[in-house]
Structure formats: C-alpha cells, structure tokens
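Encoded as structure tokens, the structure appears first; notes follow it.
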Amino acid sequence: MQSVLDAGFKKYGRVIADIDTSEIVKLMDSYDMPEDVVYVAGDEKLENTQIHKVMEESIYGGCPVQTGYCNGHNQKLNALEYHRSSEINIAATDMILLLGKQTDITPDYHLDTATIRAFLVPAGTAVEVYATTLHYAPCEAKKGAGFRVAVVLPKGTNTDKPEIAALHAEDPLLRARNKWLIAHADASEAGDGAFVGLDGVNIDIANEI
C-alpha cells in the first residue's frame with residue numbers, strides 16, 4: 001500500500017495541498033456512519049461552505065459543481081467507475097482508495113484486478129482523482145472505523161441515468177449521469193444489472209488494515 005503523498009500516486013491524481021479543508025472536515029464529523037455505504041451527490045450544508053466556492057470558482061474553473069459525501073464501512077473493491085471529469089475527494093477520516101487506469105481496460109471493457117493499486121489518504125487531505133483514473137467507494141483504513149469523505153464533481157454527475165439509445169460499445173457501462181461502471185461478478189452491483197468486467201480476485205483489504 002502506498003500513500004497519496006508518494007510519487008506513485010502522480011499518474012492517478014494529485015494532492016491539492018494549498019486549500020484549507022478544516023471547515024468541511026469538521027462538518028463531516030457530524031454525519032452518520034452507516035454499516036454499509038451511503039452516497040449523496042449533493043448536500044446543502046456542504047455546498048454552503050467556503051471550500052465549495054473554491055472548488056467551483058478555482059478548481060473547476062468556474063463550472064457549476066456539486067459537493068456531496070460518501071460514508072460507511074467498506075473493505076472490498078466490488079466495482080470501478082470513471083467520469084469524463086476529475087473527482088475531488090476530501091477525506092474527513094483516514095481512508096484507502098483502490099485505483100486503476102482507464103488505459104488498462106481492454107477493447108471489450110474488461111480489466112484485470114491485478115492492475116489495481118491501493119493508496120492511503122490521510123484525514124484532512126484533498127485529492128484530485130483524474131478522469132482517466134478508475135475508482136469507487138473508499139475503504140476504511142482501520143478495521144471497523146469506517147470512512148467519511150466529501151465528494152466534489154460537476155453538477156449532475158451520479159444522478160439518475162439518462163435514457164439513451166445504445167449506439168456504442170461503451171454504452172452498457174453507463175450507470176448514471178457522467179458515470180461509467182465495471183463491476184465484479186461477486187459484487188451486488190452485478191446482480192443489479194451492472195456491466196460485469198472486472199476479472200480476477202475481488203480485492204479485499206481486511207487483512208491489510
């Protein structure tokens with residue numbers, strides 16, 4: 001396992017070191033920690049913060065964004081998603097990201113899970129996960145502790161899937177607006193109709209934390 005502070009993270013994303021995350025980290029401490037994983041695309045309290053304004057005006061260059069959260073307990077890979085845009089994660093607790101590269105996806109949209117790498121994100125750290133980086137729900141960094149993370153994306157991302165005419169080979173991966181997803185056969189997402197294309201072991205970090 002590496003850290004997002006290590007050089008190995010540079011091909012997956014970058015640490016945004018020059019912003020103050022303390023306001024949003026403190027606010028996130030008041031949010032529930034469910035037994036499973038919950039994701040909310042946009043949250044009114046998080047969007048009424050100075051850091052949301054910084055994200056919209058600076059990090060995303062004036063484009064409208066949404067600030068939501070992902071909280072809960074998780075130790076497995078299960079699936080990987082990507083967007084046509086970077087995603088900003090602001091860790092309110094220590095957490096682990098399991099990341100891959102879009103360039104490792106085969107022409108028929110399969111990916112070997114042996115290509116996945118794990119990165120520790122220390123609490124209070126803001127990271128940009130590049131659009132070409134495959135990611136999904138974080139994992140907890142300490143067994144039983146769970147994780148909390150604020151998630152910033154272009155407005156509308158991860159909301160209801162649009163009705164489209166399937167014209168391209170990638171279209172079956174579309175799971176929500178601006179969200180393409182590849183699931184492992186062992187994951188609940190596969191039983192819910194997600195495209196199955198993760199080959200190999202469904203990574204479980206339980207013995208590493």
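The values are calculated or read from the model by the stated rules, or taken from the named source; none is laboratory data. These figures come from a predicted structure and were not determined experimentally. Note that we place each Cβ from the backbone using ideal geometry, even for glycine, and neighbour counts take in every protein chain shown. Protein only, heavy atoms only, side chains kept; ligands, DNA and RNA dropped before computing areas. Shrake-Rupley method; radii C 1.70, N 1.55, O 1.52, S 1.80 Å.
Details
- Within the range 3-24, being open to solvent by 70 Å² or more (accessible area, probe 1.4 Å) and not charged (D, E, K, R) holds for LEU5, ALA7, ALA17.
- Residue match in the range 161-169 (condition: in contact (Cβ under 8 Å) with a residue 24 or more places away in the chain and open to solvent by less than 40 Å² (accessible area, probe 1.4 Å)): no
- Matching residues, the range 1-53, being under 18 Å from THR67 (Cα atoms) and of a type in the set (Asp, Glu): ASP20, GLU23, ASP29, ASP32, ASP43, GLU44, GLU47
- Some residue of the range 54-73 being touching a strand residue (DSSP E or B) at 6+ places or on another chain (Cβ under 8 Å), assigned to a helix (DSSP H, G or I), open to solvent by less than 20 Å² (accessible area, probe 1.4 Å) and farther than 21 Å from THR133 by Cα: no
- Hits in the range 74-87 (condition: under 15 Å from VAL129 (Cβ atoms), touching a Leu at 6+ places or on another chain (Cβ under 9 Å) and surrounded by fewer than 23 Cβ atoms within 10 Å (Cβ to Cβ)): GLU81, HIS83, SER85, SER86, GLU87
- Between ASP43, ASP32, the distinction of being open to solvent by 20 Å² or more (accessible area, probe 1.4 Å) and either free of Cβ contacts under 8 Å to residues at least 12 places away in the same chain or closer than 17 Å to CYS139 by Cα (or both) belongs to ASP32 only.
- Only one entry in ILE209, ILE203 is over 19 Å from GLN102 (Cβ atoms), touching a residue at least 40 places away in the same chain (Cβ under 8 Å) and open to solvent by 10 Å² or more (accessible area, probe 1.4 Å), namely ILE209.
- Odd one out for ARG117 among (1) farther than 23 Å from ASN178 by Cβ; (2) surrounded by fewer than 23 Cβ atoms within 10 Å (Cβ to Cβ); (3) out of contact with any Leu (no Cβ under 6 Å at 6 or more places or on another chain): (3)
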